[in-house]
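Presented below is the structure to which this report refers.
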Amino acid sequence: MAHEDKISELERRRAEALAMGGERKLEARRNAGVLNARERLEYLLDDGSFLEAGLHAYSIRPETREKSHADGKIAGYGKIEGRSAALVANDFTVLGASSSQVNMKKMGHMKKTARERRMPLVLLGESSGGRMPDRMGASGRATIGQDREEYRRSRDTPWVSTLMGQSYGSSTWYSVISDVVFARKGAVMAVTSPRVTSIAISQDISAEELGGWELHAKTTGLVDAAFDTDEEVLDAVKTYLSYMPSYAGEAPPRAAPGAVDDQEKLLDLVPETRRRVYDMRKVLNVIADQGSLFELKALFGRAFITAFARIEGRVVGFLANNPRFKAGAIDPDACDKAVSFIVLCDSFNIPLISMVDQPGFFIGVEGERKRAPGKIMNWMNALAQVTVPRFSVIVRKSFGQAYLNMGGGRNADEVLAWPMADLGFMEPRLAVNVLHGIKAEDDPERFEALAAELERDTEAWDLAGLYEAQYVIDPRETRAQLARLLEVYEGRQVGEHHLSNWPTTF
């Protein structure tokens, strides 16, 4: 065959593969307002930067070979805001993007290249699960599990997954071992489909009940944020990666210093009365460069905030109590949320800043049933292994054992306290009842005397006097002090990554 014929054959095969699952399926997605896999890559990547690997791959099974263009997973390399990334986009129009022997080789290649060439891995998920008999039949058993590290997550480079439709099988597995997961509202993530589940348990169950975005964003914490459209999900991927280094051996990218809010606002945002609630997010927004706060798991463990931000262009990770919910008390969900964020920041060299206003752990039967003691100690174990810079700012209350979880003792490199900081055992008037069995109405004079006694040695000055707080600062100085400390600690920002093999789910 002449060269021209070979080239013509190449063009024909390219066009065939790029047609994906056919115009009818692509039109249905357009009518539903949903991007197809190639459109998602085009939206996410810098113009003209995509280099596809495996365009001509197809199913190993003869009966599905002709309808398995690119074998349902589009893989390759591209640039996101100028930085290289490896990507896999599941093409649901081709055999439901089901996992097969061939397309899992493509995914393995992307994982290997991302690790060895030091670039993030982006997984755009939507999958019907394992393909049978290709992946799950007897012949499939000869290949499945042959790579014993297929599901190992060592955090050499950042991984980010999206849920953009039905996501079962590999889309589920790779989402839960990624660092973050962003979902389109309406997406579903579960072990297997509602139909299979309903048959297995002899009970009708809807996709939303089984694994809808609300379940995972609010209850399980497996989804970090959910959005209305594919485009918003992909924008979140871009934003997330802008805080991340390309690999674990380098510091996060530094941006130009952002605009600064009026620090006077801090005096109004935090009420003088410690029983009054407020939203700690507003405090973080004032301290950080304007517009830089990027929160993860906002709907899960709501008494606690985990968020990336920048201070003078430097990336930081905020761990913050939020008195707006449960008065800022730390419940088991908050523990899980804190640990996953600590692991993420330490793995990718992001300094941690604790913003403290907590009345202790949220105690009760429900917490004990959710293994609160174990989760509290998981947090302490993670803290003990952190090697990135850690700073703690005591805004108001820091009570009980939770003082240590929020950076007290040697769990922070530097402790800053606002003058209104309160380092008691618990709310003094409640503590009188707990410790002495006296209520205010029983003996008002003795009650007030005991409450006053319990308030002794609990102020910021007492902590600073013991050099347990290195600084007592005007709230309006917080941003400037943190910026200076980030500069002081810049030389040791790339950590030792003791937490890089920590389990990805809690």
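Observations, loosely collected:
- Peptide packing for 2-10, 317-325, 240-248 was compared via the average number of neighbouring C-beta atoms within 10 Å per residue; ordered from the highest value, the list is 317-325, 240-248, 2-10.
- Annotation: peptides 203-209, 249-255, 347-353, ranked by per-residue average of other Cβ atoms within 10 Å with the highest first, follow the order 347-353, 249-255, 203-209.
- The stretch 3-243, relative contact order in percent, only Cα pairs under 8 angstrom and at least six apart counted: 15 percent
- Dipole of the chain, positive direction: furthest Cα of SER202, ASN381, PRO359, with charges on the beta-carbon: SER202
- Hits among lysines - C-alpha to C-alpha of LYS326 under 26 Å, sequence gap 8 or more where chains match: LYS218, LYS265, LYS282, LYS297, LYS337, LYS370, LYS375, LYS397, LYS439
- Sorted by Cβ neighbour density within 10 Å, fewest at the top, the residues TRP461, TRP502, TRP379: TRP461, TRP502, TRP379
- Given +1 at the Cβ of Lys and Arg, -1 at the Cβ of Asp and Glu and no other charges, the dipole of the chain around its Cα centre is 1720 debye to the nearest 20.
- As a length-normalised measure over Cα pairs under 8 Å and 6 or more apart, the relative contact order of the chain settles at 10 percent.
- Calculated FRET efficiency, ALA28 to ARG65, Cβ-Cβ distance, R0 = 25 Å: about 0.60 to the nearest 0.05.
- Computed over the chain, the per-residue total of -39500 (n - 2.57) for DSSP H runs of n ≥ 4 gives a 222 nm mean residue ellipticity of -10000 deg cm²/dmol, rounded to 500.
- The stretch 465-506-the stretch 213-239 distance, computed between alpha-carbon centres (Å): 28 Å
- Inter-label distance, ASP462 to ARG275: 2.1 nm, where each label sits 7 Å from its Cα along the C-beta direction.
- The mean of 1/r over all pairs of different alpha-carbon atoms in the chain, once inverted, gives a Kirkwood hydrodynamic radius of 24.8 Å.
- Evaluated at q = 0.13 Å⁻¹, the base-10 log of the normalised Debye intensity for the stretch 3-243, with identical point scatterers placed on the Cα atoms, takes the values -0.78.
- Cα-Cα over 25 Å, subset of LYS112/LYS238; LYS73/LYS112; LYS106/LYS185: LYS106/LYS185
- For the peptides 330-340, 167-177, 294-304, 75-85, residues were scored by their other Cβ atoms within 10 Å and the scores averaged per peptide; the highest-first order is 330-340, 167-177, 294-304, 75-85.
No value in this document is a laboratory result; all are computed from the given coordinates. Just so we're clear, the structure is a prediction, and the values are computed from it rather than from any experiment. All Cβ positions, even for glycine, are placed from backbone atoms using ideal geometry, and neighbour counts span all protein chains on display.
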